[in-house]
Amino acid sequence: MTIEREVTIAGQTYPVILSDENEALQAAKAAGRAIVGLWRENEEKQPTDYSFCLYLITDPEDADETFLERVVRRHLALPWFIAETDRLIIREFSQDDPLEPASAEDADGTFSDWNKREEYRKHQYRFAECGLWALERRADGVLVGKAGLTDGELGYHIYEPFRRQGYALEACRAIVKYGFETLELDKIRLRTKRSNTASRILAEKMGFIQVPSSCKDSIVFCMQKGYNSLYTK
């Protein structure tokens, strides 16, 4: 079975091929189209090689507009949009975003080296569907920092010129909401150095609860889904 669907992104229409047939999937891939494998749920041995499919579904009805848009964005390496707040657009980094200056906050150079950032975008976003995201100021498109969720842990870094303006709290509230409602996380952790007073205050404002930690230099906070509500306020 082969089905062709379409999805419109930013005014442009893209085809997506859904199939459980090798030839159809390979032909679509060779033609540069986005593809989704259809898994034959009741067959123990699958007749199709799905190893080159990033997405597999069992029911074509599961391929709604949001799913198809994600498939196309992954196929074309376009950023996925996470959330919008009063002042920020929270989205994945794109290949055109400016690099951030080298700093202690980016010790391994992931966001200050273009090649490393591309590797991060290629693997972290595609396979984990989360990570550190760009914080774009809605008023002028300037990046004010980054924040996100990695392995259930909230992290953020506001760039020096934009600190003490409430961007961290604004972004983190939206990201925690996204983590619980979209990623369906049961809990979210936040780890900070004991000396980082600003991060401790942010955690407490959001309703995080400090939990025991064996690390002498850091404090760990946790928010359990359904038990904390301050993140939405």
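Quick notes
- Checking each residue in the range 27-44 for being buried (at least 16 other Cβ atoms within 10 Å of the Cβ) and basic (K, R) picks out only R33.
- Taking the criterion of being charged (D, E, K, R) and without any contact (Cβ under 8 Å) to a residue 12 or more places away in the chain, the residues of the range 22-69 that qualify are E23, E43, E44, K45, D59, E61, D62, D64.
- Applying the set (1) at positive phi; (2) touching a residue at least 40 places away in the same chain (Cβ under 8 Å); (3) of a type outside the set (F, W, Y) to C130 leaves exactly one unmet item: (1).
- Residue that is nearest to R74 (Cα to Cα), among those in the range 22-37 that are of a type in the set (A, V, I, L, M, F, W, C) and within 27 Å of the chain's Cα centre (by Cα): A34
- Selection within the range 120-145 - at pLDDT below 95 and over 20 Å from I175 (Cβ atoms): K122, H123
- Test: D86 is part of a loop (DSSP other than H, G, I, E, B), loosely packed, with under 13 Cβ neighbours inside 10 Å and either among the hydroxyl-bearing types (S, T, Y) or assigned by TED's automatic domain parsing to the domain that holds Y14 (or both): no
- Search result, residues across the range 103-119 that are free of Cβ contacts under 8 Å to residues at least 24 places away in the same chain and either closer than 19 Å to A147 by Cβ or not hydrophobic (A, V, I, L, M, F, W, C) (or both): S103, A104, A107, D108, G109, T110, S112, D113, N115, K116, E118, E119
Here is a yes/no grid of residues against (1) touching a Gly at 6+ places or on another chain (Cβ under 8 Å); (2) polar (S, T, N, Q); (3) farther than 20 Å from R74 by Cβ:
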| residue | (1), (2), (3) |
| --- | --- |
| S103 | no, yes, yes |
| E119 | no, no, no |
| Y125 | yes, no, no |
| E129 | no, no, no |
| W133 | yes, no, no |
| R137 | no, no, yes |
| G141 | no, no, yes |
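- For the range 161-220, a residue qualifies if it is touching a Phe, Trp or Tyr at 6+ places or on another chain (Cβ under 7 Å), of a type outside the set (K, R) and surrounded by 19 or more Cβ atoms within 10 Å (Cβ to Cβ), and the qualifying residues are A168, A171, C172, V176, L190, A203, M206, F208.
The values are calculated or read from the model by the stated rules, or taken from the named source; none is laboratory data. If you're wondering where the values come from, they're calculated on a predicted model, not measured in any experiment. Neighbour counts run over all protein chains shown; Cβ positions are idealised from the backbone, glycine included.
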